[in-house]
Amino acid sequence: MNNDEVKGKKTKTKSKSAVEVVEKSAKKPTRTKKTSQITVVNKKKILYVASESAPFIATGGLAEVIGSLPKALAIDPAYDVRVVLPLYSGIKAEWRRKFAFLGNIYVPLGWRNQYCGIFSYEYEGVTFYFIDNEYYFKRNGCYGYYDDGERFAFFSRSALEIMPFIGFYPDVLHCHDWQAALSAIYLKTLYKDKNEYQNIRALFTIHNIEYQGKYSLDILGDLFGLPEETKGLVEYDGCINLMKGAIECSERFSTVSPTYAQEIKSERFAHGLQEIIRRNDFKLTGILNGIDVVSYDSQTDKALVANYSVNDLSNKVICKAEMQKMLQLPVRADVPVISMITRLVSHKGLELVKSVIESILAEDVQFVLLGTGDTAYEEFFKDLAKRYEGKTSVNIAFNGALSRQIYAGSDIFLMPSISEPCGLSQMICSRYATVPVVRETGGLYDSIKPFGAGGNGFTFASTNPYDMLYVIHEALDTYKNKEVWTNLMKKVATTDFSWLKSAEEYKKLYETTTAY
Ligand code: GLC
């Protein structure tokens with residue numbers, strides 16, 4: 001894409017389409033306090049800053065949330081929700097073709113002035129802006145580069161710099177995870193005296209506290225462009241900690257389930273940030289994520305060979321048979337299929353699985369795994385698949401269509417996370433009437449209640465693998481009683497995991513954020 005080197009300040013491309021689009025957006029009635037003649041549409045303006053979003057680019061749960069929460073909010077005519085994303089080369093051409101080039105500006109970053117192309121696309125009621133800079137984003141994958149700090153500093157700064165260009169100053173700048181943390185930090189430092197930015201309030205959402213954006217203090221000015229006097233805001237434990245900085249700078253911060261909001265106050269879950277969380281507790285809210293219930297719907301999902309509804313689950317058996325065939329497992333309707341779709345990292349509870357998987361496989365079951373991650377786990381499961389051929393299918397991959405086929409084709413979905421901010425798979429599998437078995441932590445605790453107490457799954461609390469094994473046996477025993485199991489499947493499939501309730505909670509949170 002256009003990455004011409006032009007020195008100087010903001011350079012708006014004078015191409016016809018760019019000018020037209022800018023004029024169009026400038027004409028939109030915006031909320032201004034001074035004008036009384038214009039009919040003011042008093043929309044709440046929210047700008048999301050995030051490093052990934054479905055359906056454009058996804059590596060994990062964050063993308064699911066950014067792809068579905070803004071959409072749920074935008075249904076309300078009182079909300080104007082927009083999203084800023086990096087234009088990674090990983091975003092497929094079929095999407096890129098649809099994006100409109102609005103123009104370009106130059107974004108200051110330390111001593112640099114970096115090209116920033118701005119593309120936009122309206123998708124399902126939400127305007128997405130894509131920040132183009134090939135030097136930063138024309139790479140394989142989204143993360144994992146030595147200069148990620150600089151890449152996302154550029155992105156975070158761009159989210160603020162594009163505001164005059166797109167004619168949109170939000171009421172709430174909603175920043176997600178460390179990659180967007182600098183947007184909140186810049187707002188309260190470099191932009192604090194700029195008139196147009198005065199009424200913007202910041203909300204920072206933690207999707208996973210494990211990744212905090214830690215950098216050496218040496219790069220504060222040179223790379224991040226932050227003056228020495230801001231050091232106290234971002235410094236923690238002898239280094240720059242962007243998550244800490246965003247918590248300090250935001251009017252409010254939140255995380256993705258009420259239980260995780262409690263958990264991150266303790267050393268066990270906070271990855272070192274417990275003191276900061278406790279000190280800022282008065283600003284913290286936990287809101288359980290929803291999922292896109294239109295996309296994840298066993299009645300309409302095109303990835304399935306057969307669709308089914310909660311009133312008639314009979315086609316689920318066809319999905320199961322097709323999955324077994326595809327994964328080279330014996331096609332048997334009567335054998336319970338236990339599946340896991342997960343990143344292969346230790347906090348997903350894989351040590352528990354490793355400890356007792358052989359006891360699980362001693363039963364008449366099939367075990368299906370889909371995921372990528374740490375090599376040691378990948379090797380362990382590949383080896384397991386060899387040793388238990390015909391009982392186990394291990395798929396080291398990240399594959400959207402296959403994941404849906406596994407959600408639908410399984411009977412039991414295992415998610416024994418040691419920590420889980422929210423977790424989406426337990427909700428997604430429920431949409432396919434597959435019964436979750438979870439460890440009671442974070443959002444798993446908030447979304448799945450034990451079968452024994454009339455709930456929608458099986459749960460265990462400790463990190464003892466034998467407690468997990470015990471509830472797996474409970475699930476397998478229950479599976480044998482067809483009537484009880486069918487009723488449980490129905491209960492699971494009718495649990496409301498839509499955004500409806502949570503979107504209302506976010507609206508309340510936006511109110512309290514702007515009340516400052
Ligand atoms: C992160 C968390 C996960 C959560 C997701 C979306 O990936 O690990 O628990 O569901 O973000 O908020």
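Within region 189-214, if we keep just the residues that are open to solvent by less than 10 Å² (accessible area, probe 1.4 Å) and more than 16 Å from the ligand (Cβ to nearest atom), the residue that is nearest to the chain's Cα centre (by Cα) turns out to be Ala202.
The lone criterion from (1) within 16 Å of the ligand (Cβ to nearest atom); (2) open to solvent by less than 30 Å² (accessible area, probe 1.4 Å) left unmet by Arg82 is number (1). For region 448-459, filtering for residues that are open to solvent by 10 Å² or more (accessible area, probe 1.4 Å) and part of a strand (DSSP E or B) leaves 2.
If I filter region 55-70 down to residues being in a helix (DSSP H, G or I), within 21 Å of Ile209 (Cβ to Cβ) and small (Gly, Ala, Ser), which single residue comes out as farthest from the ligand (Cβ to nearest atom)? Give the steps one after another, and end with the answer.
Residues of region 55-70 that are in a helix (DSSP H, G or I), as a first pass: 61-70.
Now narrow it down to the ones that are within 21 Å of Ile209 (Cβ to Cβ): 61-66, 69.
Then keep just the ones that are small (Gly, Ala, Ser); that gives 61, 63.
Details: Gly61: 3, Ala63: 8 Å.
Of everything passing the filter in region 55-70, Ala63 is farthest from the ligand (Cβ to nearest atom).
Among residues of region 485-510 that are among the hydroxyl-bearing types (Ser, Thr, Tyr), those with a Cβ under 6 angstrom from a residue that is assigned to a helix (DSSP H, G or I) and open to solvent by less than 50 Å² (accessible area, probe 1.4 Å), sequence gap 6+ or separate chain, pair up as Thr495/Ser430.
On inspection, Thr59 qualifies as surrounded by fewer than 22 Cβ atoms within 10 Å (Cβ to Cβ), β-branched (Val, Ile, Thr) and within 13 Å of the chain's Cα centre (by Cα).
If the condition is being within 23 Å of Val310 (Cα to Cα), within 12 Å of the ligand (Cβ to nearest atom) and in contact with a helix residue (DSSP H, G or I) (Cβ under 7 Å, 6 or more places away or on another chain), then region 424-445 contributes Leu424, Gln426, Met427, Ile428, Val438, Leu444. Among residues of region 249-264 that are among the hydroxyl-bearing types (Ser, Thr, Tyr), those with a Cβ under 7 angstrom from a residue that is part of a strand (DSSP E or B) and away from the ligand (no atom under 12 Å from the Cβ), sequence gap 6+ or separate chain, pair up as Ser250/Ala202; Ser250/Leu203; Ser250/Phe204; Ser254/Leu203; Ser254/Leu284; Ser254/Thr285.
The combined condition, being away from the ligand (no atom under 16 Å from the Cβ) and either of a type in the set (S, T, N, Q) or buried (at least 24 other Cβ atoms within 10 Å of the Cβ) (or both), is not fulfilled by Ser403. The set of residues in region 98-133 being of a type in the set (Asp, Glu) and outside any loop (DSSP other than H, G, I, E, B) consists of Glu122, Asp132. Residues of region 253-278 that are of a type in the set (D, E, K, R), within 23 Å of Gly423 (Cβ to Cβ) and more than 13 Å from the ligand (Cβ to nearest atom): Lys265, Glu267, Arg268.
Among the conditions (1) outside any helix (DSSP H, G or I); (2) open to solvent by less than 40 Å² (accessible area, probe 1.4 Å); (3) in contact with a strand residue (DSSP E or B) (Cβ under 9 Å, 6 or more places away or on another chain), the only one that Tyr516 does not satisfy is (2).
Of the residues making up region 369-391, just one is in contact (Cβ under 8 Å) with a residue 40 or more places away in the chain and either touching an Asp or Glu at 6+ places or on another chain (Cβ under 8 Å) or crowded, with 16+ Cβ neighbours inside 10 Å (or both), namely Lys391. The single condition among (1) out of contact with any Gly (no Cβ under 7 Å at 6 or more places or on another chain); (2) farther than 30 Å from Glu483 by Cα; (3) of a type outside the set (D, E, K, R); (4) open to solvent by 10 Å² or more (accessible area, probe 1.4 Å) that Val345 does not meet is (1).
Condition check ((1) within 16 Å of the ligand (Cβ to nearest atom); (2) not in a loop (DSSP other than H, G, I, E, B)) across all residues:
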position	(1), (2)
Tyr135	no, yes
Gly149	no, yes
Ala159	no, yes
Ile162	no, yes
Pro170	no, no
Cys175	yes, yes
Ala181	yes, yes
Leu187	no, yes
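The values are calculated or read from the model by the stated rules, or taken from the named source; none is laboratory data. Predicted, not measured: the structure shown is a model, and the values here were computed from it. Cβ: placed from backbone, ideal geometry, glycine included. Neighbour counts: every protein chain shown. Remember, those area values only see protein heavy atoms, side chains included, never the ligands or the DNA or RNA. Shrake-Rupley method; radii C 1.70, N 1.55, O 1.52, S 1.80 Å.
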